[in-house]
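Okay, so here's the structure we're looking at.
The values are calculated or read from the model by the stated rules, or taken from the named source; none is laboratory data. Keep in mind that what you see is a predicted model, and the values were worked out from it rather than measured. Glycine also receives a Cβ, built like all others from the backbone with ideal geometry; neighbour counts cover every protein chain displayed. For accessibility, only protein heavy atoms count, side chains too; no ligands or nucleic acids. Shrake-Rupley method; radii C 1.70, N 1.55, O 1.52, S 1.80 Å.
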Amino acid sequence: MAARRARARVTWAWMFGLAACGGDPAATTEGATTTEATGGDPSTTGTGGQPTTTEAAPTSGSSPGTGSETGTTTTTETTPGTSEPTTETSTTGEPGPELGPPVLRINVGGPAVGEFLADDGPESPYRASPDTQIFAADAVVAGPSVPAEVPLEVLATGRVEPPELLGGTGQLRYSVPVEPGTYQLRLHFSGPSQGPGTRLAQLWIDGATVGEPIDVSALTAGDASGTVTVEITADAWLDVELVRVPGSEMPLLSALELFGDGGLRDGPAGTVRHITPAGGGSGDSVDDAAGLGQLPALIAASAPGDEVWIHAGEYETGGEIFIGSGGTAEAPIVVRGVGADWHSPGRPRFVGTRANPWTAEGAVGGTVFRLNAGADHLQFVNLAFADQGNGCWRVAQPIAGLRLDNIVATNVHRLLEDFVGGDETDATITGLVMKDVSVRGYARAVARLQYQTHEVLLEDVFGDSEAQPFESFSTGVTLDQAAHHVTLRRSVMLNHQQVDVEGYWNADGFSTERDNHAIRFEDTFAAGNTDGGYDLKSTDTTLVRAVAVDNKRNFRLWGQIAMEGCVGLDPHKRGGSGTQAQVHGNPQGVFTVTDSRFVDDDPATIVFDLDDDAAGTIVGGCVEHHPEATYQTVEPAASLMLTDVADGC
């Protein structure tokens, strides 16, 4: 469903024009995919000023940017007769938009200071990015754009993504339930600044971009803090995202303020039902809370738009929880983890029976939620899992409109398993969104998607297998059978390793199979894998600014693949058979690589290694390699064409 776009007025409270950004920022597409059933033509989205084919937003019934309910979407205000966004660039002392009464203040990464709420704990009622770390500024200097009433203490800390995520994601998100109305959003940034254009951040509100990318490095010139004010019109949810422009550094957000005539909402429009660790009642209130095993009955009793709140605490899981009912595309049913309420920090934690520490001979553990036919348009928000088996969620029959949002898992077999149950032959998922998901320690995958699963968006999904062993091997995201129309955006997959076995060592960051098609990777990152960073057999597959580092073969290409602006660094063969290569063309592989960069100083690396009948075309970009390394190995039936590839990067 196309996102409804409201109007937003942006005031960049700084002294530098947008021309200081140092070039056109790379564009980011808004949504995931459109199925053939919609009959819509693919749209085109510019990348570095050049058009590239992409797909439209998923039709799963919610904007990719919203935390639970369909909320605000915004665009910048435009000048009549032009498509260029209108922004107001004010010099010091010139007013921005008039501020309404204060609604919410957050000291990002810091303790409570005056009216600024604390955001220095592992959980936050509004922070929806599970993998962030706190930074402390070396010195605090308020720049000329910072309002005088802002305490210096809130500028001393902030949040940024940890180093292992900087290769691909670059995103910080807050999701706030508000009353509909007009609001002003003030964002306070810290230095240091390495010069204009080095910290570029695109502001997104509920899945829609607002204005041009913010040059935070220009705003914080001289290592002083700086402030940006944005005026928006909000509906039920204000979803604020700062996304690092590829090639730049993360913005250092120190504080967030919201002003306006509206206010925070205390609950959804529909009914709320409650679950607590010790519950056994009706679920109609916290005092009469239900237990976790009653979740299917609470969902079945809910109307579209209702929510089930699972309150913070530890929940021991044993058997599967079978769910067979849900909401509608227009009004999903939300299963939300909360503290005392959704304004209180807290995240329920489901603990299973998987061996911890994990060994290949240990107990695998079980499934938590099993989704059967009828479990349509369910959203699971702000949940944590530990020591679970083959699927914190297992989809066993066809369903539609599943969303997993702000999820944390440690030591699991798979987070999401798509596999039939009983005598069923199909478990297709139509319309899947996984957003702001972090999985650390798994033996098989973050997600396996198969059958005819389609209209999929995996955005800001992080997986680190931590080299967990198993009788087979792990892959971060596995697309199998005929899954199609899948977009993976700003997702990172690390350390999938199969070691000490005879013959070939498998384990990939991302993998697709022959019958997968219409697959798109945007700003993704794969590293530390004993086989491919990307092992792709699919057709109609596009990689835009994909990065692969420290894999045996950074890019293994078997299907019909187009790569644009990608990067391969330092391939590393850890053992087993096979070559160490930047780009490995496999049988039936037909691929084009445009304006990409491959850098390595190991003499054992083959830059372009083509087997059997693979056909590769390399246009532009550059290669930097050890003088004794092999530039290309092309078998007799294979072909490789290189045009304008620079020697040295």
request  = Count, please, the residues in region 199-223 that happen to be open to solvent by 10 Å² or more (accessible area, probe 1.4 Å) and either among the hydrophobic types (A, V, I, L, M, F, W, C) or within 20 Å of residue 142 (Cα to Cα) (or both).
outcome  = 7
task = Look at residue 391 and say whether it is open to solvent by less than 30 Å² (accessible area, probe 1.4 Å) and either of a type in the set (A, V, I, L, M) or under 25 Å from residue 431 (Cα atoms) (or both).
result = yes
inquiry  = Pairs please, first residue from region 435-454 and in a strand (DSSP E or B) and at pLDDT 95 or above, second anywhere and of a type in the set (Lys, Arg) and open to solvent by 10 Å² or more (accessible area, probe 1.4 Å), Cβ atoms under 8 Å, 6+ apart in sequence or on different chains.
reply    = 442/414; 444/414; 445/414; 446/414; 447/414; 448/414
note = Scanning region 601-611 for residues that are within 35 Å of the chain's Cα centre (by Cα) and either under 17 Å from residue 563 (Cβ atoms) or not charged (D, E, K, R) (or both), the one most open to solvent (accessible area, probe 1.4 Å) turns out to be 604
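Do you know which residues across region 300-355 are among the aromatic types (Phe, Trp, Tyr) and in contact with a Ser or Thr (Cβ under 7 Å, 6 or more places away or on another chain)?
350 - this is the single residue of region 300-355 that is among the aromatic types (Phe, Trp, Tyr) and in contact with a Ser or Thr (Cβ under 7 Å, 6 or more places away or on another chain).
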request  = Within region 397-410, identify whether any single residue is farther than 22 Å from residue 475 by Cβ, touching a Cys at 6+ places or on another chain (Cβ under 9 Å), assigned to a strand (DSSP E or B) and free of Cβ contacts under 8 Å to residues at least 60 places away in the same chain, and answer yes or no.
outcome  = no
query = Are any residues in region 295-321 within 16 Å of residue 387 (Cβ to Cβ), open to solvent by less than 30 Å² (accessible area, probe 1.4 Å) and over 28 Å from the mean Cα position of the chain (by Cα), and if so, which ones?
reply = none
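Report whether or not residue 383 is open to solvent by less than 20 Å² (accessible area, probe 1.4 Å), aliphatic (A, V, I, L, M), closer than 30 Å to residue 120 by Cα and out of contact with any Asp or Glu (no Cβ under 6 Å at 6 or more places or on another chain). I'd like the intermediate steps shown before the answer.
Values: open to solvent by less than 20 Å² (accessible area, probe 1.4 Å): yes; aliphatic (A, V, I, L, M): yes; closer than 30 Å to residue 120 by Cα: yes; out of contact with any Asp or Glu (no Cβ under 6 Å at 6 or more places or on another chain): yes.
So residue 383 passes the test.
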inquiry  = Whether any residue in region 331-348 is in contact with a His (Cβ under 6 Å, 6 or more places away or on another chain), touching a residue at least 40 places away in the same chain (Cβ under 8 Å) and surrounded by fewer than 21 Cβ atoms within 10 Å (Cβ to Cβ) is what I want to check.
reply    = no
task = Output yes when any residue across region 393-410 is closer than 21 Å to residue 471 by Cβ and among the polar types (S, T, N, Q), and no when none is.
result = no
note = Per the filter on region 543-573, residues within 19 Å of residue 640 (Cβ to Cβ) and either acidic (Asp, Glu) or not in a strand (DSSP E or B) (or both) are 558, 559, 564, 566, 571
request  = Kindly provide the set of residues from region 225-250 that are open to solvent by 10 Å² or more (accessible area, probe 1.4 Å) and under 15 Å from residue 145 (Cβ atoms), ordered by number.
outcome  = 229
request  = Return the residue satisfying two criteria in turn: it lies in region 311-353 and is among the hydrophobic types (A, V, I, L, M, F, W, C) and assigned to a loop (DSSP other than H, G, I, E, B), and of such residues it is farthest from residue 176 (Cα to Cα).
outcome  = 329
Filter result for the condition that a residue is over 30 Å from residue 445 (Cβ atoms) and touching a Leu at 6+ places or on another chain (Cβ under 7 Å), over 290, 340, 303, 331 = 290
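In this structure, does residue 479 turn out to be aliphatic (A, V, I, L, M), under 19 Å from the mean Cα position of the chain (by Cα) and over 21 Å from residue 130 (Cβ atoms)?
Here the answer is yes, as residue 479 does meet what is asked.
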request  = Go through (1) closer than 21 Å to residue 341 by Cβ; (2) at pLDDT 95 or above and name the single condition residue 109 misses.
outcome  = (1)
task = Name every residue in region 608-649 that is within 14 Å of residue 593 (Cβ to Cβ) and touching a Pro at 6+ places or on another chain (Cβ under 9 Å), in order of residue number.
result = 614
key: Extreme residue, nearest to residue 128 (Cα to Cα), among residues of region 358-377 that are touching a Ser or Thr at 6+ places or on another chain (Cβ under 9 Å) and hydrophobic (A, V, I, L, M, F, W, C)   = 368
request  = Would you point out the residue of region 251-267, among those that are surrounded by fewer than 24 Cβ atoms within 10 Å (Cβ to Cβ) and touching a Gly at 6+ places or on another chain (Cβ under 6 Å), that is nearest to residue 150 (Cα to Cα)?
outcome  = 259
ask   = Could you count how many residues in region 408-460 are of a type in the set (Gly, Ala, Ser), surrounded by 24 or more Cβ atoms within 10 Å (Cβ to Cβ) and farther than 19 Å from residue 494 by Cα?
value = 2
inquiry  = Could you tell me how many of the residues in region 577-590 are more than 22 Å from residue 500 (Cβ to Cβ) and open to solvent by 50 Å² or more (accessible area, probe 1.4 Å)?
reply    = 2
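Residues checked against (1) open to solvent by less than 20 Å² (accessible area, probe 1.4 Å); (2) more than 29 Å from residue 500 (Cβ to Cβ); (3) not in a strand (DSSP E or B):
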{"residue": "541", "(1), (2), (3)": "yes, yes, no"}
{"residue": "575", "(1), (2), (3)": "yes, no, yes"}
{"residue": "593", "(1), (2), (3)": "yes, yes, no"}
{"residue": "613", "(1), (2), (3)": "no, yes, yes"}
request  = Kindly indicate the residue of region 93-121 that is within 32 Å of the chain's Cα centre (by Cα) and free of Cβ contacts under 8 Å to residues at least 40 places away in the same chain and also nearest to residue 172 (Cα to Cα) among those meeting that condition.
outcome  = 120
request  = Please work out which one of (1) over 17 Å from the mean Cα position of the chain (by Cα); (2) in contact (Cβ under 8 Å) with a residue 60 or more places away in the chain; (3) at positive phi is the condition residue 430 fails and give its number.
outcome  = (3)
task = Take region 220-247 and flag every residue that is at pLDDT below 90 and over 30 Å from residue 342 (Cβ atoms).
result = 246, 247
